[in-house]
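S.K.: Pasting in a structure now, in structure tokens, and then I'll have a few things to ask.
No lab work stands behind these numbers, since they all come straight from the coordinates. Source: prediction; values computed, not measured. Reconstructed Cβ throughout: ideal geometry from the backbone, glycine too, with neighbour counts over all protein chains shown.
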Amino acid sequence: MRKKIEQILKKETGEEFRLERAPEGRGDYASNTAFLLAKKEKKSPSELAKSLKKKVKADIFSKVEEENGFLNFFLSENALKEEAFLVLEEKENYGKGNAGKTVVIDYSSPNIAKSFGIGHLRSTIIGQAIYNIHEFLGWKVIGVNHLGDWGTQYGKLIYQIKKEGKNPEKLSLKELEEIYVRFHKEAEKNPEMEEEGRKWFAKLEKGDEEARRVWEICRKKSLDEFEKIYRDLNVEIDYVLGESFYEDKLEDVVKEAEKKKVAKKSKGALIIEFGDMPPAMILKSDGSTTYLTRDMAAAKYRLKEFSPDLLIYEIGVDQTLYLRQLFSAVEKMGWAKKEKFVHVGHGMFRLKEGRFSTRKGRTVHLEEVLSLAKKKAEEIIESSATAKGLSREEKKEASKIIGIGAVKYNDLKRHYKRDVVFDWDQVLTLKGDSGPYLQYTCVRCESVLEKAGKYKKEMEELNDEERKIVRRIVQFEEALENAAENFSPNVIAEYAFRLAKEFNHFYDTCQIVGSDKRLAITDATRIILKKCLNLLGISVPQKM
Ligand code: ARG
């Protein structure tokens, strides 16, 4: 809609318009074009705005107002209605784009030999939402799970398994994690253990059979476990290309960095200097590679393999400096401009009681959170009157959708940079800004429409309450665009919450069944709300 109007305005006035959302109550769109022209033409913005206003004839507007040099455009009743009908016609395809560009998204990326921590949950959920949004806008999207399955820590783990005489086949992920924690505890007293760990990693890198065997078992176990969690979360990542995948590409990267004089020797190691940031190592003095070496190889691979226009890394804010170093290193190598790379750095995850910690072994496991979410969602279902008719199986299914949806929404409703403070009451409330609230609103629309049966796609005059919702529906495309441009799924969450709130108010104050117009509005609301949830990776239960 906005683009369409910008084109109309260009045709009628001959000027470029970049429309913004108008302040509440002052129309649908606003423009500061007169201010931009004022400098060039040496006239007052207000004077220019007034003369622009005269040129605007399109009946897509009910009125155009000049206000201190700004122009405010009010969409006509007809334009609003037509857009709502378009939603009814195009259904879940309404707003679909044809960007025709390619983006690689690196997300989730947990580390093996550890349970899937709550920390990687954010990356998985936000990364998947960004994925869905871009895909809907017509991007070719490639999702990569950069599994942490390589590096000195696995040497340390193998060393400790051997030292304790454990059979890796018999160890659970939890036990592997405990073994790793024990290594660190003991190494505090016996620093020489660090060296032993490094040696085992060197063996692993050289292809030592025993090191390889143990590592392989740990990796397989982890992947099986992660797979279950992804299934639960309804997330599917296109490629698992873990750090170990780049093993045979690392030597070339190191050589190329030396040849191009991007890296230089320092105290037996190989480092890259940046000037505006601390240096970073790509080869340690014992000859082993680093997290950065593997990320450089990954970047090179992605650029070559997928020719992306954009590469997104959904990783915690604690890796901000590191990623700046990586993007800068890639540019120094001449592989791509660093502007092609974006770090979407999510904030930390905290319980009301304090921060989650891994090192001290005080980890909260994602699995526990998810099963608790499902249990709490069951309580909602059990107490709901509309869910009474459901069978046990259906109730179980609905609880899963509600519980998982609640956890996802809780993460997506605020800007990714902000910390998430986990508070069960807020996560599952049916009254406020929560996943269940939005799902409930969808189900409510659905049941109204079901009860009413067929309706005629007609709309007479809209009252204020109705117009408010239709206006909101028209804003969907802007929210979508804004969310994609800023890698911010929260824009869609906020938008959906507003729409749901307005709809529920409408539901409480207006008799819907019996009015074609109101049923049409309900239907359009249902389509848009469902689409928003769908883009956020949240399903809607049949009943709740
Ligand atoms: N495995 C890493 C961690 O848990 C995250 C990897 C993110 N992706 C990347 N290309 N570095 O910290």
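S.K.: Rounding to the nearest 10 and keeping the result within 0 to 90°, find how far the Cα-based axis of helix 45-55 lies from the longest principal axis of the chain.
M.R.: 60 degrees
S.K.: Skipping prolines and chain starts, which residues have an amide H placed within reach, meaning under 5 Å, of the one on R350, given they are 5 or more residues away or on another chain?
M.R.: V420, V421, F422
S.K.: On the first, second and third principal axes, largest extent first, how far apart are the outermost C-alpha atoms of the range 447-496 in Å?
M.R.: Per principal axis, max minus min of the Cα coordinates gives 39, 24, 16 Å.
S.K.: Related question: Give the value in nm², to one decimal: projected area of the alpha carbon convex hull of the range 221-317, averaged over all directions.
M.R.: Working: hull surface 35.0 nm².
Value for the range 221-317: 8.7 nm².
S.K.: Mind running the shape call on the range 369-507? Use the C-alpha gyration tensor, a ≥ b ≥ c as the square roots of the eigenvalues: rounded below 1.5 for a/c, prolate if a/b tops b/c, oblate otherwise. Display every interim value, and only then the final one.
M.R.: Working: a/c = 2.39, a/b = 1.14, b/c = 2.09.
Verdict is oblate for the range 369-507.
S.K.: Give me the number: length gained by fully extending S76 to E256, i.e. 0.36 nm times residue separation minus the C-alpha to C-alpha distance, one decimal in nm.
M.R.: 58.6 nm
S.K.: Could you sort the peptides 254-263, 286-295 by per-residue average Cβ neighbour count (10 Å cutoff), highest mean leading? It would help to have the intermediate numbers written out before the result.
M.R.: Working: 254-263: 15.6, 286-295: 20.1.
Order by mean packing, descending: 286-295, 254-263.
S.K.: Taking the alpha-carbon set of the range 419-478, what are its Rg and Dmax in Å?
M.R.: Calculated on Cα positions, Rg and Dmax stand at 16.0, 47 Å.
S.K.: Test of understanding: what is the full-extension gain from K57 to E12, defined as 0.36 nm times their sequence separation minus their Cα-Cα distance?
M.R.: Numbers: separation 45, 0.36 × 45 = 16.20 nm, distance 0.74 nm.
Here the answer is 15.5 nm.
S.K.: While we're on this one: In square nanometres, what is one fourth of the surface area of the convex hull spanned by the alpha carbons of the range 289-333?
M.R.: On the way: hull surface 13.6 nm².
For the range 289-333, the mean projected area of the Cα convex hull comes to 3.4 nm².
S.K.: Follow-up. For the ranges 387-399, 168-180, what's the packing order if you count other beta-carbon atoms within 10 Å of each residue, average per peptide, and put the highest first?
M.R.: Details: 387-399: 14.7, 168-180: 16.5.
Those peptides, ordered most packed to least, come out 168-180, 387-399.
S.K.: Taking the Kirkwood radius as the inverse of the mean 1/r across Cα pairs, report the Rg/Rh of the range 37-97. Write down the numbers at each step before the final one.
M.R.: Numbers: Rg = 16.4 Å, Rh = 13.7 Å.
With Rg and the Kirkwood Rh in hand, the quotient comes to 1.19.
S.K.: Provide the per-residue ³J(HN,Hα) series for the range 408-421, in order, calculated from phi with Karplus coefficients 6.51, -1.76, 1.60 and θ = phi - 60°, each as a whole number of Hz, with x at glycine and proline positions.
M.R.: Listing the rounded values in order: 5, 5, 4, 7, 8, 6, 10, 4, 4, 5, 6, 6, 9, 9 Hz.
S.K.: If you take the square roots of the eigenvalues of the alpha-carbon gyration tensor of the range 89-229 and sort them as a ≥ b ≥ c, do you get rounded (a/c under 1.5), prolate (a/b over b/c) or oblate? Could you put the intermediate results ahead of the total?
M.R.: Details: a/c = 3.08, a/b = 2.73, b/c = 1.13.
Here the range 89-229 falls in the prolate category.
S.K.: Still on this structure, please answer the following. Treat the count of other C-beta atoms within 10 Å as a stand-in for reagent exposure and order Y159, Y322 from fewest to most. Mind showing how you got there, number by number?
M.R.: Numbers: Y159 25, Y322 16.
By the 10 Å Cβ count, ascending: Y322, Y159.
S.K.: From the Cα gyration tensor of the range 183-253, with a ≥ b ≥ c the square roots of its eigenvalues, which class applies: rounded if a/c is under 1.5, or else prolate if a/b is larger than b/c, or else oblate?
M.R.: Values: a/c = 2.40, a/b = 1.48, b/c = 1.62.
Judged from the Cα gyration tensor, the range 183-253 comes out oblate (a/c at least 1.5, b/c at or above a/b).
S.K.: Residue by residue, what Karplus-based ³J(HN,Hα) values in Hz, rounded to whole numbers, does the range 167-183 have, using 6.51, -1.76 and 1.60 with θ = phi - 60° and x for Gly and Pro?
M.R.: 8, x, 4, 8, 9, 7, 4, 4, 5, 4, 5, 5, 4, 5, 5, 4, 3
S.K.: What number does the chain give for Rg over Rh if you use C-alpha atoms and the Kirkwood radius? If you can, show how the numbers build up before the last one.
M.R.: On the way: Rg = 27.6 Å, Rh = 26.5 Å.
With Rh from the inverse mean 1/r over Cα pairs, Rg/Rh is 1.04.
S.K.: Would you kindly derive the ³J(HN,Hα) couplings of the range 384-398 from the backbone phi angles with the Karplus curve 6.51 cos²θ - 1.76 cosθ + 1.60 (θ = phi - 60°), listing them in order in whole Hz, with x for Gly and Pro?
M.R.: Values per residue, Gly and Pro as x: 8, 5, 6, 8, 4, x, 6, 6, 4, 4, 5, 5, 5, 4, 5 Hz.
S.K.: Simple spin-label model, 7 Å along Cα-to-Cβ: E397 to E65 in nm?
M.R.: 5.0 nm
S.K.: Which angle between 0 and 90 degrees, to the nearest 10, do you get for helix 2-13 versus the longest principal axis of the chain when only C-alpha atoms count?
M.R.: Approximately 50 degrees, to the nearest 10.
S.K.: What whole number of Å gives the distance from the Cα centroid of the range 399-442 to the Cα centroid of the range 169-211?
M.R.: 39 Å
S.K.: So how tilted is helix 209-233 from the main axis of the chain? Cα-based, degrees 0 to 90, rounded to 10.
M.R.: Taking the Cα atoms of the chain, the angle to 209-233 is about 20 degrees.
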